[in-house]
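The values are calculated or read from the model by the stated rules, or taken from the named source; none is laboratory data. It should be emphasised that the depicted structure is a prediction, and the values quoted were computed from it without experimental measurement. We place every Cβ from the backbone using ideal geometry, glycine too, and count neighbours over all the protein chains shown.
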């Protein structure tokens, strides 16, 4: 079996070599105790060393991506995030590394990190990495490659921009970037992305500013891109309809927009899991409250006190509180001279490619 992935168009099969990486292959770091899952560092640090065991996941990764040209940008209890340079395109990418701890059944069970890569591949098959709405471009981050052995896992994704936490907390040095934020469009795009995920049977379960990347074209915030960049805690609906859709997502990878839209709508309409749908409403409500509070913090105002959620921590509450919040971000976003006149409800599944 070749240990080199075939290209950047879609993630390929992961290497399952059992060779152990030497200590010098990757800098050992102690994750912060009691901190965020992946919290930004105060200063960039070095990337993994160039040495690696032949046949290992790191060795395979370095054939396609130059880790020496990047830097460490985040570290947490579950993994470390680096930037790297794609050798074929010259573009900057993001590499997430997880060192797999020993556990019972490690040779027969699928680790959580491998499941995240698989779920992102499913999202790509269903067009969830490129969702168009009146809020701009959205979706989940696009996975490019994944490399795995018994000890380590590396997932390569597109570099989607800065996360909202970094932008809001950046201070006076980034006033221009902060002022360019269009919070209404961020809310609309995030709502469309979450709705599409939910209709496909996927709950993100970790909506935080750190997990939302934002970028825009040029000096204008009119055309912005908002991406969810971490599905490490995501879960899926186990109803028959959604299980069928997710298990056979590859058949829609090259399908047209209409076929994807119809399959997703059919799965959602056939879903019999009332608890899953209630949790979807709660996640939408929490996300809307979070964006509203971030907008107020960014403008220098005090955040609104919320009875059901905090600024950074999603909660699982009883259904019913989501309806008014969801409606507030589902109004028509009509603009002049740009030909946009669609509501979030109408676009949430209409344009998934």
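Of the numbered criteria (1) at pLDDT 90 or above; (2) part of a loop (DSSP other than H, G, I, E, B), the one residue 147 fails is (2). For the range 178-207, a residue qualifies if it is closer than 17 Å to residue 277 by Cβ and assigned to a helix (DSSP H, G or I), and the qualifying residues are 191, 194, 195, 196, 197, 198, 199.
Go through the range 31-61 and count every residue that is at pLDDT 85 or above and under 23 Å from the mean Cα position of the chain (by Cα). Steps first, please.
Residues of the range 31-61 that are at pLDDT 85 or above, as a first pass: 56-61.
Retained after the next criterion (residues that are under 23 Å from the mean Cα position of the chain (by Cα)): 57-58, 61.
Residues meeting the conditions: 3.
Hey, does the range 268-284 have a residue that's more than 27 Å from residue 82 (Cα to Cα), surrounded by fewer than 19 Cβ atoms within 10 Å (Cβ to Cβ) and in contact with a helix residue (DSSP H, G or I) (Cβ under 7 Å, 6 or more places away or on another chain)? Checked against the condition, which is being more than 27 Å from residue 82 (Cα to Cα), surrounded by fewer than 19 Cβ atoms within 10 Å (Cβ to Cβ) and in contact with a helix residue (DSSP H, G or I) (Cβ under 7 Å, 6 or more places away or on another chain), the range 268-284 yields at least one hit. For the condition part of a strand (DSSP E or B) and either buried (at least 24 other Cβ atoms within 10 Å of the Cβ) or modelled with pLDDT under 95 (or both), residue 128 does not qualify.
In the set (1) crowded, with 21+ Cβ neighbours inside 10 Å; (2) in contact with a strand residue (DSSP E or B) (Cβ under 6 Å, 6 or more places away or on another chain); (3) at pLDDT 80 or above, the condition left unmet by residue 113 is number (3).
Scanning the range 232-242 for residues that are out of contact with any strand residue (DSSP E or B) (no Cβ under 8 Å at 6 or more places or on another chain) and surrounded by fewer than 20 Cβ atoms within 10 Å (Cβ to Cβ), which turns out farthest from residue 274 (Cα to Cα)? Full working, then the answer.
Step one: of the range 232-242, the residues out of contact with any strand residue (DSSP E or B) (no Cβ under 8 Å at 6 or more places or on another chain) are 232-233, 238-241.
So of that shortlist, the ones also surrounded by fewer than 20 Cβ atoms within 10 Å (Cβ to Cβ) come out as 233, 238-241.
Numbers: 233: 21, 238: 12, 239: 10, 240: 13, 241: 13 Å.
If we take residues in the range 232-242 being out of contact with any strand residue (DSSP E or B) (no Cβ under 8 Å at 6 or more places or on another chain) and surrounded by fewer than 20 Cβ atoms within 10 Å (Cβ to Cβ), then 233 is farthest from residue 274 (Cα to Cα).
In the range 286-309, the residues that are on the phi > 0 side of the Ramachandran plot and modelled with pLDDT of 55 or more never reach a residue that is assigned to a loop (DSSP other than H, G, I, E, B) and surrounded by 15 or more Cβ atoms within 10 Å (Cβ to Cβ) with C-beta atoms less than 9 angstrom apart, at least six apart or across chains.
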